[in-house]
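Peer 1: So that we are looking at the same thing, I have put the structure below in structure tokens.
The values are calculated or read from the model by the stated rules, or taken from the named source; none is laboratory data. Keep in mind the model is a prediction, meaning the values are calculated, not measured. Ideal geometry is used to build each Cβ from the backbone, glycine not excepted, and the neighbour counts take in all protein chains shown.
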Amino acid sequence: MNSIAETGNPSTSHKGDSENWPLLSSERSWGSWQLLAVFISTAAATWCYIIGEYVGYYLNFKMGFASMTAGALIGIVLVNIAVLPMISRFGVDSVATSRAQFGSRGWVLISILQYVSVTGWNCLLLIFFAMSGAKLATALGFAEVAESIWFKPVISLIACAIVYAILLRGSSGVEKTSKLLFLLIIGISAWIIWMMLGHDGSQIMAAQPAYATPSRAENYSIGVEVGLVTNLTWWAYLGAMARVTPTASKANLPSILGFGLTVPLMSLIGLAAYLLVQDSDPSSWLIHLGGTLFGSIALLLVITANIGTSVAGVYVSAVGLTNIPGISKRPWPVTLALTMIPVVLISVFIPNLFFDNFGTLLALFGVIFAPLCGIQIADYYFLRRRKMDLQALYSTSPDAPYYFFKGVNIAGVLSVIIGFFVYSYLLDPITYESRAPFEYTTASIPTLVISAISYYLLTRIINGKKMGGY
């Protein structure tokens, strides 16, 4: 039988966050403003400061901001095109949509990649949280305590406990946290930018990047690529949140404003800080900028804002895990615990190793999400002509349209591999060395286009009209 009835009925067995069934129309109650608040509180975290620092290696203030903004907007628009129509139409998360391109078993690969990417961001946030907490304690006169071997691990564990407690309420916990932090994030970010430009604006504008290459085009392309890759990773976040809205129109503009503009605006702080003092970590310069009292308050608010992003990230990971059959039947608190185990282990035991390889992490995200977006665009718009079988997404029967070859769509897997090699050729994820024509095209855009073309051709050759429900 080719239907959802084989595994249950979403209208009767759906349990919101704890299972992976499509959300019912009555459950999709978020409006545009609610979603915008969630997106802004998710995007506006201290990872943006590191992104700004990375761009500051190659570009000055004006070119850095322009390139990041261009890349971020292009990235989120591509993600919206790739996955938002399916999410909003059916009320499913991003991982569930990938079953149509990778098969009723092959989608597990995408689930793992999504889990790894979001876990990476979550670890980065909590490591930053602990580092900033230590510097705040030092500024307040508790240097001996802050420098102890146990301080940062304990701070990380406390942050994890707070996130876990908030998320026991599911999506409502995400929404309420976002509402509380929304104005706080906007206010503190505006204050920091005003203080930096007001005190040291001329120095920031005159500062030159320390590691710029001889090619101006290559430097600019690196800035665009960083913005692109950062926002392509919102593929994983978008589905878990936008599915709670009733239509794509209510999610499109909030995602562009919340992700496409928030990331470069927040990264502007890290860019300016790096050009000025060669350190994007706000805990290193906020005290100096605002004095002990105001600087400490600002730093405390920055640290608090990380909680909102961590809440959203862990929620996204947990929703993604509910697609896995063995986990989908677990209680929501157990799923949350499974989601947080690797975050806790990395944040407590190997924080420095992870934190010091942020550039590699960014490039690896491009390797993952650029091909994925290209494949979904080719599949949904050019092969399926915007048609999708919701029941087939949840069927594991060998007769189901999305079963392909033993549950795996070979065309999808091969296209991801092709995309991996294209990206790695243009921009080495480990060394960050680039090859032509990277300086004119970036790495993500050619990877997305070539993955889309290869998927289209391989689908016609391998699957034809017999497999995949085309």
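Peer 1: Take ILE417 and tell me if it is within 27 Å of the chain's Cα centre (by Cα) and without any contact (Cβ under 8 Å) to a residue 12 or more places away in the chain.
Peer 2: yes
Peer 1: Against the conditions (1) crowded, with 21+ Cβ neighbours inside 10 Å; (2) farther than 28 Å from THR119 by Cα, where does LEU238 fall short? Just the number, please.
Peer 2: Going through the list (1) crowded, with 21+ Cβ neighbours inside 10 Å; (2) farther than 28 Å from THR119 by Cα, LEU238 breaks only (2).
Peer 1: Does SER267 count as touching a helix residue (DSSP H, G or I) at 6+ places or on another chain (Cβ under 7 Å), under 22 Å from THR46 (Cβ atoms) and modelled with pLDDT of 80 or more? Steps first, answer last, please.
Peer 2: Values: touching a helix residue (DSSP H, G or I) at 6+ places or on another chain (Cβ under 7 Å): yes; under 22 Å from THR46 (Cβ atoms): yes; modelled with pLDDT of 80 or more: yes.
Yes: the conditions hold for SER267.
Peer 1: Could you say which residue among VAL302, VAL224 is modelled with pLDDT of 95 or more, surrounded by 21 or more Cβ atoms within 10 Å (Cβ to Cβ) and over 16 Å from the mean Cα position of the chain (by Cα)?
Peer 2: Matching residue, one of VAL302, VAL224: VAL224.
Peer 1: Next question, about the same structure. For region 183-200: of the residues being surrounded by 14 or more Cβ atoms within 10 Å (Cβ to Cβ) and more than 13 Å from PHE294 (Cβ to Cβ), which is farthest from the chain's Cα centre (by Cα)?
Peer 2: ASP200
Peer 1: So, in region 98-114, how many residues would count as being within 14 Å of TRP235 (Cβ to Cβ) and not in a helix (DSSP H, G or I)?
Peer 2: Of the residues in that region, 1 qualify.
Peer 1: Let me ask something additional. Restricting attention to region 441-461, which residues are over 25 Å from LEU361 (Cβ atoms), surrounded by 13 or more Cβ atoms within 10 Å (Cβ to Cβ) and not polar (S, T, N, Q)?
Peer 2: So in region 441-461, the residues over 25 Å from LEU361 (Cβ atoms) come out as 453-461.
Add one more test, that the residue is surrounded by 13 or more Cβ atoms within 10 Å (Cβ to Cβ), and what stays is 453-460.
Answer for region 441-461, where residues must be over 25 Å from LEU361 (Cβ atoms), surrounded by 13 or more Cβ atoms within 10 Å (Cβ to Cβ) and not polar (S, T, N, Q): ILE453, TYR455, TYR456, LEU457, LEU458, ARG460.
Peer 1: Which of the residues spanning region 231-266 are more than 20 Å from ALA37 (Cβ to Cβ) and touching a Gly at 6+ places or on another chain (Cβ under 8 Å)?
Peer 2: LEU232
Peer 1: Anything in region 80-113 that is of a type in the set (Phe, Trp, Tyr) and out of contact with any Phe, Trp or Tyr (no Cβ under 9 Å at 6 or more places or on another chain)? List them, or say none.
Peer 2: Narrowing region 80-113 to residues of a type in the set (Phe, Trp, Tyr): 90, 102, 107.
Result: PHE90, single match.
Peer 1: Given the options GLY8, GLY56, name the one that is touching a Gly at 6+ places or on another chain (Cβ under 7 Å) and either at pLDDT 85 or above or of a type outside the set (Lys, Arg) (or both). Talk me through it step by step, then tell me what you get.
Peer 2: On the way: GLY8 fails: touching a Gly at 6+ places or on another chain (Cβ under 7 Å).
Selected residue: GLY56, the only one of GLY8, GLY56 that is touching a Gly at 6+ places or on another chain (Cβ under 7 Å) and either at pLDDT 85 or above or of a type outside the set (Lys, Arg) (or both).
Peer 1: The conditions are (1) at pLDDT 85 or above; (2) within 15 Å of the chain's Cα centre (by Cα); (3) assigned to a loop (DSSP other than H, G, I, E, B), and ALA45 fails exactly one of them. Which is it?
Peer 2: (1)
Peer 1: Looking at this structure, is ALA159 part of a helix (DSSP H, G or I) and either closer than 25 Å to TYR49 by Cβ or of a type in the set (S, T, N, Q) (or both)?
Peer 2: Spelling it out, ALA159 is indeed part of a helix (DSSP H, G or I) and either closer than 25 Å to TYR49 by Cβ or of a type in the set (S, T, N, Q) (or both).
Peer 1: Please state which one of LEU113, LEU59 is of a type in the set (A, V, I, L, M, F, W, C) and surrounded by fewer than 24 Cβ atoms within 10 Å (Cβ to Cβ).
Peer 2: LEU113
Peer 1: Name the residues in region 245-282 that are of a type in the set (Ser, Thr, Tyr) and under 14 Å from ILE188 (Cα atoms), would you?
Peer 2: THR262, SER267
Peer 1: Does any residue of region 72-92 turn out to be among the charged types (D, E, K, R), assigned to a helix (DSSP H, G or I) and touching a residue at least 24 places away in the same chain (Cβ under 8 Å)?
Peer 2: yes
Peer 1: Scan MET63, MET68 and give me the residue that is touching a residue at least 24 places away in the same chain (Cβ under 8 Å) and farther than 23 Å from GLY120 by Cβ.
Peer 2: Values: MET68 fails: farther than 23 Å from GLY120 by Cβ.
Checking each option against the conditions leaves just MET63.
Peer 1: Hey, can you tell me all the residues within region 162-180 that are in a helix (DSSP H, G or I), within 16 Å of PRO331 (Cβ to Cβ) and hydrophobic (A, V, I, L, M, F, W, C)?
Peer 2: Passing the criteria: ALA165, LEU167.
Peer 1: So, PHE405, is that one of a type outside the set (Asp, Glu) and either within 29 Å of TRP121 (Cα to Cα) or surrounded by 21 or more Cβ atoms within 10 Å (Cβ to Cβ) (or both) or not?
Peer 2: Numbers: of a type outside the set (Asp, Glu): yes; either within 29 Å of TRP121 (Cα to Cα) or surrounded by 21 or more Cβ atoms within 10 Å (Cβ to Cβ) (or both): no.
Answer is no for this residue.
Peer 1: Next question, about the same structure. Could you please find all residues in region 331-356 being in a loop (DSSP other than H, G, I, E, B) and either touching a residue at least 40 places away in the same chain (Cβ under 8 Å) or of a type in the set (A, V, I, L, M) (or both)?
Peer 2: Within region 331-356, PRO331, ILE350 qualify.
Peer 1: Separate question: State all residues of region 246-282 that are surrounded by 24 or more Cβ atoms within 10 Å (Cβ to Cβ) and over 23 Å from GLY227 (Cβ atoms); if no residue qualifies, say none.
Peer 2: none
Peer 1: I'd like the full set of residues that are β-branched (Val, Ile, Thr) and out of contact with any helix residue (DSSP H, G or I) (no Cβ under 7 Å at 6 or more places or on another chain), limited to region 414-440.
Peer 2: Those that are β-branched (Val, Ile, Thr) and out of contact with any helix residue (DSSP H, G or I) (no Cβ under 7 Å at 6 or more places or on another chain): ILE417, THR431.
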